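Data block below; observations after.
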Amino acid sequence: MLMRTSTMAIANHNGGSFRYDRGMMVPILGLHHVTATVDDAQDDLDLCVGTLGLRLVKTTVNFDNHHVYHFYYGDKHGTPGTIWTTFPYRDHGVRVGTRGAGQVVTTLFSVSHGSLAFWRARLAHDSIAATDLPDRFGDAAVAFSDASGLEFELVASAQDERLPWVVEDIDPSAAIRGLHSVTLAVRDEGPTLAFMAQLGWQEIAREGNRVRTAVNGGGPGRLIDVIVDPQRPQGINGLGTVHHVAMAIETGEQQRELRDQLLAQGVKVTDIRDRCYFTSIYFREPGGVLFEVATMKPGFAVDENESMLGTALKLPPWEEPNRADIERHLPDIVVPRR
C-alpha cells in the first residue's frame with residue numbers, strides 16, 4: 001500500500017496547487033522509456049539502429065494518430081529502462097518544437113567506461129558532430145544531436161552491468177546498455193524536487209544549477225537530473241522535442257493506487273491507458289514536464305516472438321480493421337543493416 005504522513009501545498013505550472021505528501025512511499029523502479037517527436041522515419045531508424053546499434057523492438061503506430069509510426073528501440077528483450085521511442089511526424093503538419101523549461105531537454109544513454117573513443121569515431125563516420133563534455137558527477141560524456149535537433153549524451157559509466165543488444169559492427173564492450181538518465185529543465189527547483197520526492201526520486205548530488213536525483217538505489221537507468229534556470233523560455237512541443245519521460249512500476253495494482261493518491265492530492269491524472277505492451281497513466285509535475293508511469297508487463301513479446309521483435313508492423317486489436325488504410329498512409333522504411 002502507498003502511505004502518507006504530513007502534507008503541504010505546492011504550486012503547479014498552471015498556477016494552481018496540490019497537496020504534497022511528504023512521506024508517501026511509491027514503488028517506482030526507475031526509468032521505463034523516453035518518447036520524442038521526430039521528423040523523418042528513415043532518418044530516425046538510420047540513427048537509432050544504424051549508428052547507435054539499438055534493437056528495433058516494436059514497429060507500431062501512434063495510438064492517437066494511426067497514420068504515424070511509433071518506433072520502440074532498446075535491448076534484446078525491450079527491457080524497461082532501455083527503451084527509447086519516437087513518433088516520426090514529417091508531413092503531418094506538426095511544427096518544429098522549442099526546447100525549454102517544462103521539458104526533458106536531453107536524453108542520456110549509458111555506455112561502458114573507456115568506450116567514448118569508439119563512439120566519437122562512429123559518430124564522425126556517420127557525419128554526426130560530437131562534443132566532449134566536462135566530467136559530470138565523475139563520468140565522462142559525449143554530446144550529439146539528431147537530424148530533428150534532439151539532444152543526446154553518451155555517458156561512460158563503470159556502474160552499468162546490464163547486457164547490451166549486440167550487433168555485428170559494435171563490440172559488446174562498447175555497446176549501449178540502456179538509458180542512463182534524462183535531464184529536465186525547470187524554472188523553479190523547489191516544487192519539482194518536492195513532487196519528485198513523493199514519487200521516490202531523492203536528491204543525491206549537485207553541480208552548479210544541476211541537481212541529480214535517484215530512485216531505487218540509483219545508478220544508470222534510475223537517475224533524473226534537474227537543471228534550474230529561472231530565465232529559460234517555456235518549451236513548446238513539436239518536432240525535435242521529447243514528449244514525455246516514463247517511470248516503471250511493477251504492477252497494475254500499484255499503478256492504480258498511485259493514480260488514486262495523486263488524484264486525492266489534486267493532480268490531474270489521465271485514466272489508465274492500455275498501450276498493449278504496458279498500461280500507463282500520465283500527469284505533469286509542477287514545472288510542466290509530462291510524466292508517465294508504466295507497468296513492467298506484459299512486455300513486447302506479447303504479440304510476436306522475441307526473435308522477431310520489430311520486424312513486422314504490429315497494430316493494437318482495435319486498429320486491425322484499418323490495417324490496409326494504415327499501411328497505405330505510412331511512409332516506406334528500410335531497417336538498417338550494418
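The values are calculated or read from the model by the stated rules, or taken from the named source; none is laboratory data. Fair warning: this is a prediction, and the values are worked out from it, not measured in the lab. As a convention, Cβ positions derive from the backbone with ideal geometry for all residues, glycine included, and neighbour counts pool all protein chains shown. The protein model used for the area step is the full one, side chains on, heavy atoms only, and it has no ligands, DNA or RNA in it. Shrake-Rupley method; radii C 1.70, N 1.55, O 1.52, S 1.80 Å.
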Task: Condition check for V68: surrounded by 20 or more Cβ atoms within 10 Å (Cβ to Cβ) and either modelled with pLDDT under 95 or over 15 Å from the mean Cα position of the chain (by Cα) (or both) - done: yes
Open item on the list: Can you pull out every residue in segment 292-338 that is open to solvent by 90 Å² or more (accessible area, probe 1.4 Å), of a type outside the set (D, E) and within 22 Å of D64 (Cβ to Cβ)?
Closed with: P317, W318, P321, R328, H329
- [ ] Mind counting the residues in segment 278-305 that are in contact with a strand residue (DSSP E or B) (Cβ under 8 Å, 6 or more places away or on another chain) and either free of Cβ contacts under 8 Å to residues at least 40 places away in the same chain or under 21 Å from N216 (Cβ atoms) (or both)?
- [x] 14
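Among residues belonging to segment 103-120 that are aliphatic (A, V, I, L, M) and under 21 Å from the mean Cα position of the chain (by Cα), point out the one that is farthest from A246 (Cα to Cα). Reasoning before the result, please.
Keep residues of segment 103-120 that are aliphatic (A, V, I, L, M), which gives 104-105, 108, 111, 116-117.
Okay, now just the ones that are also under 21 Å from the mean Cα position of the chain (by Cα), so 104-105, 108, 111.
Values: V104: 11, V105: 14, L108: 14, V111: 21 Å.
Applying the filter and picking the extreme gives V111.
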TODO: Of the numbered conditions (1) of a type in the set (D, E, K, R); (2) more than 23 Å from A174 (Cβ to Cβ); (3) surrounded by 21 or more Cβ atoms within 10 Å (Cβ to Cβ), R90 fails exactly one; give the number of that condition.
DONE: (3)
Open item on the list: All but one of (1) in contact with a strand residue (DSSP E or B) (Cβ under 7 Å, 6 or more places away or on another chain); (2) open to solvent by less than 30 Å² (accessible area, probe 1.4 Å); (3) not in a loop (DSSP other than H, G, I, E, B) hold for I176; state the number of the condition that does not hold.
Closed with: (3)
Open item on the list: Being hydroxyl-bearing (S, T, Y), open to solvent by less than 10 Å² (accessible area, probe 1.4 Å) and either under 23 Å from I224 (Cα atoms) or in contact with a Ser or Thr (Cβ under 9 Å, 6 or more places away or on another chain) (or both) narrows it down to one residue among S145, S157; which is it?
Closed with: S157
Open item on the list: Suppose the filter is in contact with a His (Cβ under 9 Å, 6 or more places away or on another chain), farther than 21 Å from F71 by Cα, at pLDDT 95 or above and among the basic types (K, R); does R259 pass it?
Closed with: no
Task: Out of G240, G235, G252, G266, sole residue that is open to solvent by less than 60 Å² (accessible area, probe 1.4 Å), farther than 24 Å from T107 by Cβ and touching a residue at least 60 places away in the same chain (Cβ under 8 Å) - done: G266
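Of the residues V182, V155, V167, V142, only one is β-branched (V, I, T) and assigned to a loop (DSSP other than H, G, I, E, B); which? Spell out how you get there, then give the answer.
On the way: V182 fails: assigned to a loop (DSSP other than H, G, I, E, B); V155 fails: assigned to a loop (DSSP other than H, G, I, E, B); V142 fails: assigned to a loop (DSSP other than H, G, I, E, B).
Within the list V182, V155, V167, V142, the selection yields V167.
Yes/no per residue for (1) β-branched (V, I, T); (2) buried (at least 18 other Cβ atoms within 10 Å of the Cβ); (3) touching a strand residue (DSSP E or B) at 6+ places or on another chain (Cβ under 8 Å):
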site	(1), (2), (3)
G81	no, yes, yes
T86	yes, yes, yes
G114	no, no, yes
F118	no, no, no
A129	no, no, yes
Open item on the list: For segment 84-102, give me each residue that is over 12 Å from the mean Cα position of the chain (by Cα) and part of a strand (DSSP E or B).
Closed with: F87, P88, V96, T98, A101
Task: Check on A156, of a type in the set (G, A, S), closer than 22 Å to L56 by Cβ and touching a helix residue (DSSP H, G or I) at 6+ places or on another chain (Cβ under 9 Å) - done: no
- [ ] Select from segment 185-203 the residues that are touching a residue at least 12 places away in the same chain (Cβ under 8 Å) and assigned to a strand (DSSP E or B) and write down the one among them that is surrounded by the fewest Cβ atoms within 10 Å (Cβ to Cβ).
- [x] Q202
Open item on the list: I'd like to verify a number: residues in segment 281-301 that are closer than 22 Å to V105 by Cα and either aliphatic (A, V, I, L, M) or not in a loop (DSSP other than H, G, I, E, B) (or both), how many?
Closed with: 10
Task: Among the candidates M24, M3, residue that is out of contact with any Asp or Glu (no Cβ under 8 Å at 6 or more places or on another chain), modelled with pLDDT under 95 and open to solvent by 20 Å² or more (accessible area, probe 1.4 Å) - done: M3
